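Asker: Can you keep this structure in mind? I'll have questions shortly.
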Amino acid sequence: MSALSVLQVILAVIITWVICFVLTITNILPNDRGKWGYEARTDLRQNAIFSSPWFRLPYPGIYGNNVHFYRLICIILIFKIYFWYVFTTQDMITRYMLSLHVCFSGFCQELSVLLKWLNVGSC
């Protein structure tokens, strides 16, 4: 199932709900339980999500003490900090070596021009 087909379904549900909401607030849909269109009213089940057993708002520790999970998170964070330090240090050393090479090669070129000018030789 592609993402565009899911988007079409979601848009269809949203558009239908908005139409039913407009029909509800303008009182076009009837208030009588037996009449046609009563079930389309959007104010019938206002707290259906909060009263349903399948909808839960998760929070830390909902299923007991998660010591192992917290230890795992701490270990992951420590490794992230360590590898960030190692990679940034390696990057700084690499950039330093590159700049040292560029400076030394520039110095060597200037020295060779100077030595050629003095008829001594090359670097």
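Asker: For the stretch 101-113, does any single residue satisfy the condition of being modelled with pLDDT of 70 or more and in contact with a Gly (Cβ under 9 Å, 6 or more places away or on another chain)?
Answerer: Yes, the stretch 101-113 has at least one match.
Here's the yes/no breakdown for (1) in a loop (DSSP other than H, G, I, E, B); (2) surrounded by 10 or more Cβ atoms within 10 Å (Cβ to Cβ); (3) free of Cβ contacts under 8 Å to residues at least 60 places away in the same chain; (4) of a type outside the set (Phe, Trp, Tyr):
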residue	(1), (2), (3), (4)
LEU4	no, no, yes, yes
LEU7	no, yes, yes, yes
THR16	no, yes, yes, yes
CYS20	no, yes, yes, yes
THR42	yes, yes, yes, yes
PRO53	yes, no, yes, yes
PRO58	yes, no, yes, yes
GLY64	yes, no, yes, yes
TYR70	no, yes, yes, no
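The values are calculated or read from the model by the stated rules, or taken from the named source; none is laboratory data. Quantities reported herein were computed from a predicted structural model and do not represent experimental measurements. Reconstructed Cβ throughout: ideal geometry from the backbone, glycine too, with neighbour counts over all protein chains shown.
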